[in-house]
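Trainee: Would you mind keeping the following structure in view while I ask a few things?
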Amino acid sequence: FMSRPRIAALLKDAQPGTAVEVRGWVRTKRESKGDFAFLELNDGSCLGNLQIVVDATVPDYHALIKQITTGASVSVTGDIVASQGKGQRIEVKARTVTLYGTADPA
């Protein structure tokens, strides 16, 4: 069983090693050449975004990442890990990503 906490609570209290499900809207997507992408996810619970690391181990990675644009609504299951990035304590390493709704980038 996985909890589905708000992003505000995760950013404040989540510890590495915790399995979570988060839902929200994609604020930004950055793709890297090495078969992975970063999604910044926001659920409206706070101004901050939660970084999601999505890589090729996620089912249908390539098809999914093409469809995910700013404003898309998604559900992510994964694990909280300590962030390598500056200015953030934690991020989520995605196991699955479900796309609920796409958003026209135009």
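Trainee: Of the conditions (1) loosely packed, with under 14 Cβ neighbours inside 10 Å; (2) in contact (Cβ under 8 Å) with a residue 40 or more places away in the chain, Q51 clears all except one; give me its number.
Mentor: Here Q51 clears every test but (1).
Trainee: For residues that are among the β-branched types (V, I, T) and touching a Leu at 6+ places or on another chain (Cβ under 8 Å), scanning just the range 14-27, find the one that is surrounded by the fewest Cβ atoms within 10 Å (Cβ to Cβ).
Mentor: V20
Trainee: Would you call L11 assigned to a strand (DSSP E or B) and either crowded, with 17+ Cβ neighbours inside 10 Å or in contact (Cβ under 8 Å) with a residue 24 or more places away in the chain (or both)?
Mentor: no
Trainee: So, in the range 28-48, how many residues would count as being touching a Leu at 6+ places or on another chain (Cβ under 7 Å) and surrounded by fewer than 20 Cβ atoms within 10 Å (Cβ to Cβ)?
Mentor: So the answer is 3.
Trainee: Follow-up. Can you give me the number of residues within the range 92-106 that are part of a loop (DSSP other than H, G, I, E, B) and either open to solvent by 70 Å² or more (accessible area, probe 1.4 Å) or touching a helix residue (DSSP H, G or I) at 6+ places or on another chain (Cβ under 9 Å) (or both)? Even if it seems obvious, please write down each step before you answer.
Mentor: Here is the first cut: in the range 92-106, the residues part of a loop (DSSP other than H, G, I, E, B) are 102-106.
Those left that are additionally either open to solvent by 70 Å² or more (accessible area, probe 1.4 Å) or touching a helix residue (DSSP H, G or I) at 6+ places or on another chain (Cβ under 9 Å) (or both): 102, 104-106.
Qualifying residue count, the range 92-106: 4.
The values are calculated or read from the model by the stated rules, or taken from the named source; none is laboratory data. All values derive from a computational prediction rather than experimental measurement. Here the Cβ is made from the backbone with ideal geometry for all residues, glycine too, and neighbour counts use every protein chain on show. Note: accessible area is taken over every heavy atom of the protein model, side chains too, but ligands, DNA and RNA are not part of it. Shrake-Rupley method; radii C 1.70, N 1.55, O 1.52, S 1.80 Å.
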